[in-house]
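The values are calculated or read from the model by the stated rules, or taken from the named source; none is laboratory data. This is a predicted model, so every value here is computed, not measured. Glycine gets a Cβ as well: all are built from the backbone with ideal geometry, and neighbour counts include every protein chain shown.
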Amino acid sequence: MAWQGSTRRSRLPKDWPRIRARVLRRDKGVCQAVFSDGRLCGQPATQVDHIVPGDDHRLANLQALCAWCHARKSASEGGAAAARTRVRTDRPKPTHPALED
């Protein structure tokens, strides 16, 4: 995991190991990621993911994921967060030379 430079671990509840084990048990150790075609991943799950990113550690907001699906989801969320902070510069739309006066 990429914990370097992150405050995420310190924000987890003290009983996180118990919560994590409960989620993995509830989901029967199977990855709960659903692919775009509607299929369940179904690979062995070793990680617990927050469905909605943040500090909501309720069981309803947690799911078991395999390492591959968790990395893919986290990368997607990180990319989306970075895109929201980027400064957009809109270039003027060029006009066709035949339409210029």
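Residues checked against (1) farther than 24 Å from Pro13 by Cβ; (2) buried (at least 16 other Cβ atoms within 10 Å of the Cβ); (3) in contact (Cβ under 8 Å) with a residue 60 or more places away in the chain:
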site	(1), (2), (3)
Val34	yes, no, no
Leu40	yes, no, no
Pro53	no, no, no
Leu65	no, yes, no
Lys93	yes, no, no
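Considering only the range 57-101, state which residues are among the polar types (S, T, N, Q), at pLDDT 95 or above and in a helix (DSSP H, G or I).
Within the range 57-101, just Asn61 meets the criteria.
Of a type outside the set (S, T, N, Q) and either surrounded by 13 or more Cβ atoms within 10 Å (Cβ to Cβ) or touching a residue at least 40 places away in the same chain (Cβ under 8 Å) (or both): does that describe Ala71?
Yes; evaluated as a whole, the condition is true for this residue.
Tell me which residues, restricted to the range 6-19, are touching a residue at least 40 places away in the same chain (Cβ under 8 Å) and among the basic types (Lys, Arg).
Let us first name the residues in the range 6-19 that are touching a residue at least 40 places away in the same chain (Cβ under 8 Å), namely 11-13, 16, 19.
The answer is Arg11, and nothing else.
Check the range 14-23 and report whether any residue there is aliphatic (A, V, I, L, M) and in a strand (DSSP E or B).
Among the residues of the range 14-23, not one is aliphatic (A, V, I, L, M) and in a strand (DSSP E or B), which makes the answer no.
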